[in-house]
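Okay, so here's the structure we're looking at.
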Ligand code: SF4
Ligand code: SF4
C-alpha cells in the first residue's frame with residue numbers, strides 16, 4: 001500500500017486502541033480469575049517431553065480434532081492453520097497501518113509468503129463457509145438447541161478477512177480497490193479481536209495453553225491438599241487448571257455426543273458441567289463460599305457419571321472432565337452433603353466387610369479352598385488379584401477359575417492373597433476419600449508384607465486403582481490385566497479345535513481409554529475365534545454403565561446404558577459377546593435377558609475372553 005496519510009494513521013491507531021482495549025477488558029479479567037484460583041496440588045510440568053509431543057500433535061497438527069470428526073475436523077484445522085499462516089501477514093498489516101511495512105510484496109520472500117497466505121485464505125474461506133452451513137443448516141444436536149448468532153457473526157468476520165485479503169492481492173496495493181480491501185480487512189480485524197475473549201472463541205487464545213498444561217494422565221483424580229481439602233465444594237476449591245479449562249471450552253459438544261449417560265436420557269451433560277463451572281466463576285469468581293452444586297451444576301447430574309472417560313478422550317481443547325466431576329462428588333460426599341441410601345449402603349459394606357458386595361470375608365476363603373487356588377507365597381510368578389467381583393460374584397468367580405486353568409495350562413505359576421479388600425475404586429470415584437483410603441491402605445499393607453512382585457487381575461478397575469490411584473498413598477505395584485499377560489503367551493494357548501465362532505468384542509472403558517489396551521484382548525480372542533467389531537469400538541466404545549460406582553446405586557433414569565450397549569452388540573449377529581471386565585459381564589447379563597425377551601430371539605453367549613480360551617483347553621489338561 002502506498003504510504004498512509006497522517007489522517008489514515010490516526011484513524012488506524014484509534015481503531016487499534018479501541019480494539020485492543022476491548023480485547024484486554026475481558027481477556028484480562030479471565031486471566032485474573034484464573035490466577036486467583038488456588039494452585040493445583042501435586043502439579044508438575046514433568047515429563048515435559050510428553051507435553052511437547054501432545055502440543056505438537058493436538059495443537060499444531062490438530063490430530064484429535066481431525067481424527068474424531070474428520071470432515072468438520074479438517075475444516076477446523078484449516079481455519080487454525082490459516083490463522084498461523086496469517087500471523088506474519090497480520091503483523092505486517094499493523095506495521096503498514098502506521099507506515100512501516102516490513103514485508104514487501106515485491107521481494108522474493110514477500111511474493112512466496114503472500115501467495116502461500118493466499119492459498120490458505122482460500123482454504124479458510126471454504127472451510128469457514130462449510131462450518132457455517134453445518135452449524136446453521138445441518139445443525140447437529142450436540143451443538144445445542146439454540147442458534148448461536150455470535151458464531152455466525154464470527155464466521156462472517158473470518159470469511160470477510162480472507163476475502164478482503166484476496167481482493168487486496170488481486171487489485172494491487174495502490175489501486176482504489178486495493179485500498180478499500182485494506183480498510184475493510186482492517187475493520188474486520190479490529191471487530192474480530194475484542195470478540196475473541198467475549199465469546200467461546202476465547203479458546204483461540206487459551207486452548208494451546210490448556211493442552212500444554214493439562215494434568216498428566218488420563219482421567220486422573222488429583223490429590224487433595226491437606227485435611228481441609230474436601231474436593232470441589234465451593235468456589236475456593238476451584239484450581240487454576242480447572243479455571244483455565246472451563247474458560248477454554250469451545251462448546252463443540254463432542255463430550256456430550258459420546259456421553260453414555262446423556263445418550264440414555266440422564267440429566268448429565270458433560271458440556272454443561274464445564275459451562276456450569278464457568279458460569280459460577282463468571283458470577284462469583286474463585287474464592288467464593290457459595291456451593292458449586294446448585295443453580296450452576298446439578299448434584300443429580302454429577303452422580304450419574306459412569307467415569308467412562310469418553311468426554312475427556314473426545315475433548316479437542318484438553319479439558320479434563322473427570323477431575324471436575326469426581327471433584328464435585330468429593331465436595332458433596334466428603335462434607336456429608338450427599339444423601340443416597342444406595343451410596344450409604346455401599347460405603348458401609350466397604351467399611352464393615354471390606355468388599356463392595358457386602359459379603360463376609362469368609363465367603364472368599366471358602367471359594368479359594370473349594371477350588372484349590374494356591375496361596376501366594378513369594379515363589380510364584382504372579383499374585384492373582386481376585387477383586388470383589390472375582391472373589392464374591394458367581395460370574396466373576398467363573399472368570400477367575402477360567403484364568404487359573406489357562407495359567408496352569410500355559411505353565412505360569414500364580415497364587416492368591418489370604419485376604420484382600422476392595423481396591424476402593426467405587427468409593428474413590430463416588431467421592432468418598434476416607435473409605436477409599438482405608439481399604440487401599442489395608443491392602444497395601446497386606447501386599448507389602450506378602451512381598452508381592454508382579455500382579456495380574458481380571459478387572460480393569462482393580463488394575464487402574466492399584467496401578468495408578470494407589471500411588472497417591474505411596475504404593476507402586478506392578479499389575480496388569482489378564483488380556484495383556486495372555487496376549488504375551490498366545491503361542492501357548494490352545495487354537496480352535498472346531499469351526500471358529502464369531503465373537504463381538506466389547507472394549508471396557510477402564511481397559512481401553514484408561515489403559516490404551518485394545519489389541520491384546522483382540523489377539524486373545526483371535527487365537528480360537530473370529531473377532532467382530534461393533535459400531536462403536538476401541539476408543540469410541542460405549543460404556544456398560546457400571547463404572548464410577550453406578551453399579552451399586554439405584555435404578556437408572558431414562559434408558560438403561562447396559563441395554564443400549566447390548567442391543568448394539570447383539571445387532572452384529574456374532575455368536576458370542578466377548579468381555580474383559582467382570583462389571584461389563586454382569587451388566588450385559590442383566591441386559592441380555594431384557595433384549596432377547598423383547599426380540600423373542602435366543603441371546604448370544606456371553607463370555608470373558610479368558611473363558612473363550614479356557615473352552616478350548618484339552619480335556620486331559622483340565
Ligand atoms: S465420564 Fe462418561 S459418563 Fe461421565 S460425563 Fe464423561 S462421558 Fe459422561
Ligand atoms: S468440554 Fe471439550 S468436548 Fe465438551 S463442549 Fe467443551 S470443548 Fe467441546
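Annotations for the structure displayed:
- Tally of residues being closer than 26 Å to residue 543 by Cα and part of a strand (DSSP E or B) across region 430-467: 3
- Taking the conditions (1) surrounded by fewer than 24 Cβ atoms within 10 Å (Cβ to Cβ); (2) within 16 Å of ligand 2 (Cβ to nearest atom); (3) over 17 Å from residue 317 (Cα atoms) in turn, residue 209 satisfies each one other than (3).
Each row is one residue, and each column tells you yes or no for (1) assigned to a loop (DSSP other than H, G, I, E, B); (2) free of Cβ contacts under 8 Å to residues at least 24 places away in the same chain; (3) more than 16 Å from ligand 2 (Cβ to nearest atom).
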site: 328; (1), (2), (3): no, no, no
site: 338; (1), (2), (3): yes, no, yes
site: 344; (1), (2), (3): no, yes, yes
site: 356; (1), (2), (3): yes, no, yes
site: 363; (1), (2), (3): no, no, yes
site: 384; (1), (2), (3): no, no, yes
site: 390; (1), (2), (3): no, no, yes
site: 405; (1), (2), (3): no, no, yes
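- Residue-level analysis places residue 590 outside the set of residues that are over 24 Å from the mean Cα position of the chain (by Cα), surrounded by 23 or more Cβ atoms within 10 Å (Cβ to Cβ), within 20 Å of residue 398 (Cβ to Cβ) and not assigned by TED's automatic domain parsing to the domain that holds residue 325.
- Some residue of region 325-332 being within 8 Å of ligand 1 (Cβ to nearest atom), under 30 Å from residue 75 (Cα atoms) and touching a helix residue (DSSP H, G or I) at 6+ places or on another chain (Cβ under 9 Å): no
- Failed criterion for residue 229 (all others in (1) under 14 Å from residue 548 (Cβ atoms); (2) away from ligand 2 (no atom under 14 Å from the Cβ) hold): (1)
- Boolean, residue 512 is part of a loop (DSSP other than H, G, I, E, B) and within 17 Å of residue 462 (Cβ to Cβ): yes
- Residues located in region 365-381, provided they are in a loop (DSSP other than H, G, I, E, B) and crowded, with 17+ Cβ neighbours inside 10 Å: 373, 376, 380
- Restricting 309, 287 to residues that are at positive phi, in the same structural domain as residue 250 (by TED's automatic domain parsing) and buried (at least 20 other Cβ atoms within 10 Å of the Cβ) narrows the list to 309.
- Residue within region 295-306 that is within 16 Å of ligand 2 (Cβ to nearest atom), more than 20 Å from residue 422 (Cβ to Cβ) and surrounded by fewer than 22 Cβ atoms within 10 Å (Cβ to Cβ) present: yes
- When region 239-265 is filtered for residues that are within 16 Å of ligand 2 (Cβ to nearest atom), part of a loop (DSSP other than H, G, I, E, B), within 25 Å of residue 547 (Cα to Cα) and modelled with pLDDT of 95 or more, the ones remaining, listed by number, are 258, 259.
- Residue within region 263-270 that is on the phi > 0 side of the Ramachandran plot, within 15 Å of ligand 1 (Cβ to nearest atom) and not assigned by TED's automatic domain parsing to the domain that holds residue 550 present: yes
- Residues that are in contact with a helix residue (DSSP H, G or I) (Cβ under 8 Å, 6 or more places away or on another chain) and more than 11 Å from ligand 2 (Cβ to nearest atom), drawn from region 266-281: 266, 267, 268, 280, 281
- Look at region 502-524: where a residue is within 12 Å of residue 609 (Cα to Cα) and a partner is within 16 Å of ligand 2 (Cβ to nearest atom), sitting 6+ places away or on another chain with Cβ atoms under 9 Å, you get 507/513; 507/539; 507/540.
- Count of region 290-315 residues, restricted to those that are within 14 Å of ligand 1 (Cβ to nearest atom) and part of a strand (DSSP E or B), is 1.
- Residue in region 480-487 that is at pLDDT 95 or above and not in a helix (DSSP H, G or I) present: yes
- Taken over region 571-586, the criterion of being over 19 Å from residue 515 (Cβ atoms) and crowded, with 24+ Cβ neighbours inside 10 Å is satisfied by 577 alone.
- Per this entry, residue 427 is counted among residues that are in a helix (DSSP H, G or I) and crowded, with 23+ Cβ neighbours inside 10 Å.
- Qualifying residue in region 466-482 (condition: closer than 22 Å to residue 585 by Cβ, free of Cβ contacts under 8 Å to residues at least 60 places away in the same chain and out of contact with any strand residue (DSSP E or B) (no Cβ under 7 Å at 6 or more places or on another chain)): no
- Among the residues of this structure, residue 229 does not count as one that is within 27 Å of the chain's Cα centre (by Cα), crowded, with 21+ Cβ neighbours inside 10 Å and in contact (Cβ under 8 Å) with a residue 60 or more places away in the chain.
The values are calculated or read from the model by the stated rules, or taken from the named source; none is laboratory data. Given the structure is predicted, the values throughout are model-derived calculations rather than measurements. Every residue, glycine as well, gets a Cβ built from its backbone with ideal geometry; the counts of neighbours run over all protein chains shown.
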